[in-house]
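What follows is a short report on a single structure.
Just so it is clear, none of the values below were taken in a lab; they were calculated from the coordinates. Everything numeric in this text was worked out from a predicted model, so none of it was measured. Please note: Cβ atoms are built from the backbone with ideal geometry, for glycine as well, and neighbour counts cover all protein chains shown.
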Amino acid sequence: MNQKSLLHYIDDFTGHLRDERRLSNNTIQGYRRDLNLLGEFCQQLEIHQWRALANHQLRQFVADAHRQGISGKTLQRRLSSIRTFFNYLAREGQVKQNPALSITAPKTTQKLPKTLDTDQVAHLLNVQGSKWHTVRDLAILELFYSSGLRLTELTNANIIDIDWNDATIRVLGKGSKERVLPVGSYALKAIQKWLNIRTQLPARKQTLRDESALFISERGRRISPRNVQSRVRHWTRSQNIPGNVHPHMLRHSFASHMLESSGDLRAVQELLGHADISTTQIYTHLDFQHLAEVYDKAHPRAHRKPHADDQET
């Protein structure tokens, strides 16, 4: 077999991810990038069959990347891609063992997500004005913070996805998994106001081109992720919010504030659409002290006064 055969199996694998697992295009391209790097490494070692890749060679692949300054988090992702790929190859009868199973990536310090506090969020959402862009952008900001949407979930949302009776929105998350999220009253009010003027495009000689999209650009097309990112930056500057605020920070803020108020990690996991609760647990580090205070106030035995015979003598 030659290098073309290595790439052939990567193509087959990404087709499997698309057609059988129905993963998003961004996720599939991430797998492909990781595996192409491994393919280039194999070519340098003149390895022409995936079954010929040994554990010590894969360990060298990880070590070389680490010496080049690649973070532990990135290496963990690459190894995850490789494990999944070799599981697929084993299923197809192309390999007998998975060389990535016994290899771990170097650990790196976990970075906590940056969030806005509740006062900063309130200030950001205190957007005033009746212009087309202003009304639309406020609806976007309110929905981000109200429901913790990912950027692509918001840009892909359609008008029909909102259930006004139940005050919910249906979104399509990672892995084409649907979930239904509550929408707060402020967000519903802002969205309704936006829908009332949505078709009144401010750009001259432009017509509505996407009837279904919840949020559109001034040219009448579904709004793009880059456009949303730009508008969030615009309003954080206008409202004098410090730092580099981006849409995902509003999602982080939503998660942190929900966990701070409820302490219900499982519920926050469901709202965020995390497949693994370990992903959600990062938010517990943000407000652990506050959660401890909630426990002291709420738990029936947190402030139990000891009986006299409980005292040390």
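List of remarks:
- Over the stretch 153-287, Cα pairs under 8 Å with separation of 6+ residues give a relative contact order of 17 percent.
- Its Cα gyration tensor gives the stretch 118-247 an equivalent ellipsoid, and the semi-axes of that ellipsoid, as √(5λ) in whole Å with the largest first, are 20, 19, 14.
- Considering only 247, 39, 55, the residue lying farthest towards the positive end of the dipole of the chain is 39, judged by Cα position with unit charges set on Cβ.
- Annotation for the stretch 68-108 versus the stretch 30-46: alpha-carbon center distance of 12 Å.
- Put a dot 7 Å past the Cα of residue 170, heading toward its Cβ, do the same for residue 130, and the two dots end up 3.5 nm apart.
- Modelled label positions at residue 74 and residue 204, each set 7 Å beyond Cα in the direction of Cβ, lie 4.8 nm from each other.
- Per-residue [θ]222 nm for the chain (sum of -39500 (n - 2.57) over DSSP H runs n ≥ 4, rounded to 500): -16500 deg cm²/dmol
- More than 19 angstrom apart: percent of Cα pairs within the stretch 32-126: 49
- Counting only Cβ charges, +1 for Lys and Arg and -1 for Asp and Glu, the dipole size of the chain around its Cα centre is about 1220 debye.
- The chain, relative contact order in percent, only Cα pairs under 8 angstrom and at least six apart counted: 15
- Each Cα pair under 8 Å and six or more residues apart adds its sequence gap; the mean of these over the residue count of the stretch 3-91 is a relative contact order of 33 percent.
- Volume per residue of the C-alpha convex hull in the chain, rounded to whole Å³: 228
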